[in-house]
Amino acid sequence: MTRPPGTPGDVEFLAHGMGRVLVEPDWPPLTDEEVSGVLARYGRPDAAVVNWHSPRPMSAAALVRCDGEELFVKRHHLLVRTAGQLAAEHALAAHLRALGVAVPAVLRLPDGGTTVGSGDYVYEVHARADGIDLYRDVLSWEPFTSLHHARAAGAALARFHRASASFGLPARPPGVLTNSCEVVTAPDPLAAVARLAAQRPGLASYLDRRRWRDDLTRYHLPAIARLAPLLPGLGRLWGHGDFHPSNLTWAAPSPDADVVAVIDLGLANRTFAAHDLAVAIERSAVAWLDLAETGRATADIPAVDALLAGYQAVRPLSGTELLAVAWLLPVVHLEYALSEVEYFASVVHSPSNADLAYDTYLVGHTRWFAGPDGSALLSHLIEGPATASG
């Protein structure tokens, strides 16, 4: 795997890992020379300076100063994202912006395109998002720091869904580090995983070494079976796919700040509102990092209620949707977890992280919902104070 042009040979900073310990990034950091070459192709020939490297590990991204403006530049390996895949994200961003949802503008090339290719890599460039990136250094799975933030996030997600409902592109096909609802909505989920593996040799080679059919039958299929009767009442729309605190910007560095913008559509896909809500809860309301360290994880039920209350103030949920959120929670990560297994197993060749993605994430998160803390969260959602519109 070749290195991108202009990148140094030594790691210059540490990135977020699978736990609380910072690690060497999967990809070399962006450099001034590299981003200057990329931005020149967007018609910005002035020298660029990298001001900040994103600690997110699965791509290389940075805030860059060029021609008096700060831009966000992101580099992907072609095994992770292609120009075609990014084009769908950029089309969604344009649709949302046209309907008043604050997402960063995507820069266009002189010929109208939105990505730059170089060797094994593809680059995208965005305007810097308005607002303050309060959570940009916060690890994945960490919670909202206030109930107001959770409520504001729920309202922002509802506004996102009201706009994305009219976005007409079909669902993106499965790939590395992608989200979908393909398995959890399939009549035969095990057959769906088998078909997915047949299309993805890197995933198949890993699953061949695991008792995945037994694991999914024991842990995942019961929740999927409870969800199945609700599916006809759940209309499809494009969801964000990775809605959590660090993918939002904020009006002020205070606990009562409101959401200004939504960022990072990298996991967006055509799912349904309850699925995206379940993602938002799963990403931010359970102390998953504690589960890996201590075997226990608590749920922030007040934050769950605040998120749902904020959402329903903008887009009321039906009783079917609320119940679907509960039954989706144990399995809403399934497709992304499989794609993460593939990423670690066949893209960056990290067997230990592939095992973590399978054992701790794919299986461990679902298993948690059968224990006391997870069962309490599900019971609260089914019987608790959240109200529906009918």
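Mind listing whichever residues of the stretch 265-279 are under 13 Å from the mean Cα position of the chain (by Cα), closer than 18 Å to GLY319 by Cα and of a type in the set (Gly, Ala, Ser)?
ALA278
So LEU177 ticks every box in (1) outside any helix (DSSP H, G or I); (2) over 17 Å from GLU340 (Cα atoms) but one. Which box is left unticked?
(2)
Could you check, for the stretch 125-134, whether at least one of its residues is open to solvent by less than 30 Å² (accessible area, probe 1.4 Å) and in a strand (DSSP E or B)?
Yes, that holds for at least one residue.
Would you confirm whether or not the stretch 250-267 contains a residue that is farther than 26 Å from PHE72 by Cα and either touching an Asp or Glu at 6+ places or on another chain (Cβ under 7 Å) or assigned to a helix (DSSP H, G or I) (or both)?
Scanning the stretch 250-267, I find no residue that is farther than 26 Å from PHE72 by Cα and either touching an Asp or Glu at 6+ places or on another chain (Cβ under 7 Å) or assigned to a helix (DSSP H, G or I) (or both), so the answer is no.
Go through (1) buried (at least 21 other Cβ atoms within 10 Å of the Cβ); (2) more than 15 Å from the chain's Cα centre (by Cα); (3) not hydrophobic (A, V, I, L, M, F, W, C) and name the single condition ASP305 misses.
Just one mismatch for ASP305, condition (1).
Quick one: would you say VAL193 is touching a strand residue (DSSP E or B) at 6+ places or on another chain (Cβ under 6 Å) and either modelled with pLDDT of 95 or more or more than 21 Å from LEU169 (Cα to Cα) (or both)?
In short, no.
In the stretch 160-203, how many residues are in contact with a Lys or Arg (Cβ under 8 Å, 6 or more places away or on another chain) and either open to solvent by 60 Å² or more (accessible area, probe 1.4 Å) or free of Cβ contacts under 8 Å to residues at least 60 places away in the same chain (or both)?
4
Please work out which one of (1) more than 18 Å from the chain's Cα centre (by Cα); (2) buried (at least 16 other Cβ atoms within 10 Å of the Cβ); (3) not in a helix (DSSP H, G or I) is the condition HIS149 fails and give its number.
Every listed condition holds for HIS149 apart from (3).
In the stretch 111-124, how many are surrounded by fewer than 19 Cβ atoms within 10 Å (Cβ to Cβ) and under 22 Å from PRO29 (Cα atoms)?
4
Filter the stretch 57-78 down to residues that are surrounded by 17 or more Cβ atoms within 10 Å (Cβ to Cβ) and out of contact with any strand residue (DSSP E or B) (no Cβ under 7 Å at 6 or more places or on another chain) and give me whichever is farthest from THR178 (Cα to Cα).
Step by step, filter the stretch 57-78, then rank; the result is CYS66.
Restricting to the stretch 29-58, what's the tally of residues that are modelled with pLDDT of 90 or more, within 25 Å of ASP242 (Cβ to Cβ) and touching a Pro at 6+ places or on another chain (Cβ under 7 Å)?
1
The values are calculated or read from the model by the stated rules, or taken from the named source; none is laboratory data. What you see is a predicted model, and the numbers here were worked out from it, not measured in a lab. For neighbour counting, all protein chains shown are included, and Cβ atoms are generated from backbone atoms with ideal geometry for every residue, glycine included. For the accessible areas, the whole protein counts, side chains as well, though only heavy atoms, and no ligand, DNA or RNA atoms are used. Shrake-Rupley method; radii C 1.70, N 1.55, O 1.52, S 1.80 Å.
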